[in-house]
Amino acid sequence: MAYPGYGAAPGGFPGQQQDPLYGYFSAVAGQDGQISADELQRCLTQSGIAGSYKPFCLETCRLMISMLDRDMSGTMGFNEFKELSQVINGWKATFSSYDRDHSGTVEGHELQQAISAMGFNLSPQAMNVIMRRHSTNGRIAFDDFISCCVKLRALTSQFQSRDMSRTGQATFGYDDFIQVTMSL
């Protein structure tokens with residue numbers, strides 16, 4: 001069920017042996033079947049998930065892991081990687097549809113439209129904060145767009161888990177707030 005202002009969750013995952021992404025994942029994963037942020041960066045580049053854009057920066061890869069790190073290991077298994085690839089491909093399609101001049105960047109009004117299209121209902125003040133944090137000369141590159149999407153999804157998920165009555169209001173204790181925000 002969708003709630004106003006909340007982004008939607010991705011779908012499921014088929015068997016990993018038939019998945020072409022498994023080869024890229026297993027090439028960088030350790031014997032424990034997990035990958036770190038730097039291994040994720042290589043895997044995303046080698047698999048082509050980053051597309052024609054430059055490789056994701058290491059900080060964005062750390063954010064991606066934290067978004068899906070359900071066991072709090074600081075690493076990512078194949079199921080999490082598969083989910084991430086589906087999410088990134090969706091975000092890439094959204095980015096491309098708003099990057100009308102094919103410059104590899106979007107402007108503030110295009111970012112607002114993209115974020116709204118993904119189901120997030122943000123105030124103009126929140127959009128200004130996002131622009132100040134993620135833009136260079138008023139434009140947001142693909143890596144920064146993905147970083148923004150990761151943060152929006154993860155923070156929304158954390159907020160939603162505390163908004164039991166779905167009113168758009170949640171109560172956080174100080175330590176809980178610090179853990180949620182500093183994990184990103």
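The values are calculated or read from the model by the stated rules, or taken from the named source; none is laboratory data. Computed from a prediction, not measured in an experiment: that's the story for all the values here. No Cβ is skipped: glycine too gets one built from the backbone with ideal geometry, and neighbour counts run over all protein chains shown. SASA here: full protein model, heavy atoms, side chains in, ligands and nucleic acids out. Shrake-Rupley method; radii C 1.70, N 1.55, O 1.52, S 1.80 Å.
Restricting the range 50-76 to residues that are closer than 18 Å to Gly30 by Cβ and among the polar types (S, T, N, Q), the residue that is modelled with the lowest pLDDT is Ser73. Just the residues that are surrounded by 15 or more Cβ atoms within 10 Å (Cβ to Cβ), free of Cβ contacts under 8 Å to residues at least 40 places away in the same chain and under 22 Å from Ser85 (Cβ atoms), please, taken from the range 114-130. Answer for the range 114-130, where residues must be surrounded by 15 or more Cβ atoms within 10 Å (Cβ to Cβ), free of Cβ contacts under 8 Å to residues at least 40 places away in the same chain and under 22 Å from Ser85 (Cβ atoms): Ala114, Ile115. Restricting the range 24-49 to residues that are farther than 11 Å from Ser85 by Cα and of a type in the set (Val, Ile, Thr), which is surrounded by the most Cβ atoms within 10 Å (Cβ to Cβ)? Applying the filter and picking the extreme gives Ile35.
Looking only at the range 62-96, residues that are assigned to a loop (DSSP other than H, G, I, E, B) and either at positive phi or not β-branched (Val, Ile, Thr) (or both) come to 7 in all.
Ser161 fulfils the conditions (1) part of a helix (DSSP H, G or I); (2) touching a residue at least 12 places away in the same chain (Cβ under 8 Å); (3) under 21 Å from Leu68 (Cβ atoms); (4) open to solvent by 30 Å² or more (accessible area, probe 1.4 Å) except for a single criterion, (2).
Looking across the range 131-153 at every residue that is of a type outside the set (S, T, N, Q) and outside any helix (DSSP H, G or I), the one that is most open to solvent (accessible area, probe 1.4 Å) is identified as Arg139. The condition of being surrounded by 19 or more Cβ atoms within 10 Å (Cβ to Cβ), out of contact with any Lys or Arg (no Cβ under 6 Å at 6 or more places or on another chain) and either at pLDDT 95 or above or under 13 Å from Arg139 (Cα atoms) (or both) holds for only one of Phe95, Phe81, that being Phe95.
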